Structures are given as structure tokens and as C-alpha cells.
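Beneath this line is the structure, given in C-alpha cells, with notes to follow.
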Amino acid sequence: MSGELSPIDKAKFVAAKRAAQYVEDGMRVGLGTGSTAAWLVRCLGEMVREDGLKIRGVPTSTRTAMLAREVGIQVISLDEAKWLDLTIDGADEFDGDLNLIKGSGGALLQEKIVATASDQMVVIADIGKEVEHLGGFPLPIEVIPFGWQTTQALVEETLISMDVLGRSTSLRMNGDTPFVTDEGNHILDLHLNRIGNARQLALVLNQMPGVVENGLFIDICDAVVIGYGDGRVDVRDINEGTVATERLDFVESDNLFADLSE
Ligand code: 5RP
């Protein structure tokens, strides 16, 4: 990536840069997936290379693993780490209780496993991701390829009794073929428009055979770092009940801004 960053990329970058301050020497850190998380990985890589930060990272996708190695972060598996001090990841939507929709990158299963195995989860997002009610963004669910059309029909039937505004579903495609996750599964996107009871929906979806996991992250996120295009960040901590606004010096470093692949 070269030239001036767009306001949205600046917002993602400052959120990631601020969240990198949560990371301390010796930590085992879950590394999220997506364009905002890619900024985070780059920021942490710079801290490893230039400040001697010592961390071990557990990536949530093969593409994050590749980027982490590329920027110099030691990559380990979740089984090697067993438990993590912190996970930092992006989100597609977050509400006032810091409940999330995740999975537009198709990595929701590993993301949820990693975030749940962490003492703390910090979400990084631009302000456009904040919503009053979850569901404007399609909710991804990861499904087993075997009988996926039957699973889709079952999901649609179940949605009739759920507190949602829309009920259509679509199989996520990658060109002409179904999208395949890192775990070899497919993704169904649920077009719900508004989710009235996200906790209930998450539980019901996960009870269906064929559904591996859903993209609702309920009571998992501890803090969100919200970036703005002018360099401002809000840090909201749900446990402390605090909101702090800060401004980051925005310096376009050559290393960080070169050839960002996402
Ligand atoms: C991937 C995710 C991402 O974190 C989410 O889609 C946000 O992505 P981006 O930072 O590119 O907007 O859940 O599965």
C-alpha cells in the first residue's frame, strides 16, 4: 500500500496502534484476522524488531500466521500456548455491551476458540462498526459441508421462531465454488437485519447438528479500541466501565505501510 491512507484505513491503523499498547513482554497473544487485525500484526512486528518486544503469537487463520511470520513475530499453536494473556481482533459489528458479530473473513471458528482461551479480548474497529442492535451485518455461521443444504433449511425454519427481522440465508461463495474455511467447512450468511436477542440466537444456532459455530461473540470482549480517521481513539472498557478519548500521532512509517496485503 502506498500514498495517503484513506480515513477508514487511518481509523483502523490508529485503533490497532493503540491496542498494541496492551501487549507486554512475555505475553502469549491471540492474533485476529482481517484488515484491522493485519495493522495490529504489523504494529507488533515493528515492536518486536525495533524495541525487542518478546511475545509469542497464536494466529486465528493461515493468512494471519503468514503475515505474523513475515513481520518477525514468533508463531505458536494454541495447543503450545494452552492459554493466552490477550487476544486482539477486529469485528464486523459491536454493540453497547461489546457483544460482536464476527466472521466476514471466514475465520470465526478459530477466532472464537482463541478469544475464549484468553484472559482478555480487545477488539479494534473503526467507528463505523458500532451499532445500536446487532444484525445489520450478515451473521456468518460455519457449517459442515456434509448435508449443508439440509442444515440451511433447518436454520431457516428455526429463524421463524427467533426475534429477528430478516430470515434469508446464503451460502458464501469464492467465485464459482463454495467458500472453504481453514477447518474445511462452509459459511452460511444469515441476513437478519436486526437481532433482538443475540444471546438466545447464539445458543439455539449452536444446538443444531451441522452448525459448527456462529459469529456472535457474547460476553467475550472486554474492551474495544475505536479508531477515527483524524487519529482519535476511544478506549471503552466494559469491566472498568470507563471510556477514554486519546489522540495518536500519525506517522506513516515506510515499513508498516508497505504492501499491506489485506
Ligand atoms: C474475520 C473477522 C474480522 O475481524 C472482521 O471481519 C473485521 O474485519 P476488518 O477488520 O477487515 O473490517 O471477523 O473473520
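Here are the numbers for the structure shown:
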item: Set 116, 181, 177: member being more than 16 Å from the ligand (Cβ to nearest atom), at pLDDT 95 or above and farther than 29 Å from residue 232 by Cβ; result: 177
item: Looking only at segment 190-222, and only at residues there that are part of a strand (DSSP E or B), open to solvent by 20 Å² or more (accessible area, probe 1.4 Å) and over 30 Å from residue 240 (Cα atoms), the one that is farthest from the ligand (Cβ to nearest atom); result: 191
item: Residue check for residue 55: closer than 24 Å to residue 234 by Cα and of a type outside the set (D, E, K, R); result: no
item: Any hit, segment 136-143, residues being surrounded by fewer than 16 Cβ atoms within 10 Å (Cβ to Cβ) and modelled with pLDDT of 95 or more; result: no
item: Residue check for residue 241: in contact with a helix residue (DSSP H, G or I) (Cβ under 6 Å, 6 or more places away or on another chain), in the same structural domain as residue 61 (by TED's automatic domain parsing) and on the phi > 0 side of the Ramachandran plot; result: no
item: Unique match (being more than 14 Å from the ligand (Cβ to nearest atom) and under 27 Å from residue 229 (Cα atoms)) among 93, 50; result: 50
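Condition check ((1) of a type in the set (Asp, Glu); (2) touching a Gly at 6+ places or on another chain (Cβ under 8 Å)) across all residues:
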position	(1), (2)
138	no, no
143	no, yes
146	no, yes
150	no, yes
156	yes, no
163	yes, yes
167	no, no
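The values are calculated or read from the model by the stated rules, or taken from the named source; none is laboratory data. Quantities reported herein were computed from a predicted structural model and do not represent experimental measurements. We place every Cβ from the backbone using ideal geometry, glycine too, and count neighbours over all the protein chains shown. Protein only, heavy atoms only, side chains kept; ligands, DNA and RNA dropped before computing areas. Shrake-Rupley method; radii C 1.70, N 1.55, O 1.52, S 1.80 Å.
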